[in-house]
Amino acid sequence: MGRFHSAAALVAMVLLAGCYGGSRPRHIGEPAAHFTVQDSDRKVGLQQFHGQIVVLNFWATWCAPCVEELPSLMNMQSRLKGSGVTVLAISIDVDGDAYHRFLKQHDVSLLTVRDPDQNVSRVYGTTGWPETFIIDRQGVVRRKFVGPVDWTAPEVMQFLSKL
């Protein structure tokens, strides 16, 4: 019976160590990786937003959770733009026509650029959409959100306002 408890304790320690090791997303507390992306509409580089809080959002028009969070993301942007908060939405859409149609149909008022080869999302290790990184005024990644977020929720607005 003693061996069973020892083995169980060892398994529990290994499992807990694994959970602890994966609890902090990559890049948090590190300088944000610089990038420049260009599509048919514009060329955008992260460095052009130095001194601002950047909400770096990876999304796609065909992604239902991305579309779900879009209205609150636009609402938050309009409410906090005067405070130096900028949303940079990077779409991974391959079909440029569908992307442009979506922007027009949904009256998207965010700065968005299309990266169909997913070069920037690869740099940030994005594996699902939407994924959003919060980058502070000094260019350090402070938070990562996976999945749709209510960007107008009081706790989110307060977090962004305090950066």
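Some observations on this one:
- Straight-line cross-link reach from Lys43 at under 27 Å between alpha-carbon atoms covers these lysines, not counting any fewer than eight positions away in the same chain: Lys81, Lys104, Lys144.
- For region 15-163, the relative contact order comes to 33 percent (Cα pairs under 8 Å, sequence separation of at least 6).
- Taking each residue as 0.36 nm, the span from Asp136 to Lys104 lengthens on full extension beyond its C-alpha to C-alpha distance by 8.5 nm.
Each reported figure results from applying straightforward, stated rules to the coordinates on display, with no laboratory input. Just so it is clear, the structure is predicted and the values come from calculations on it, not from any experiment.
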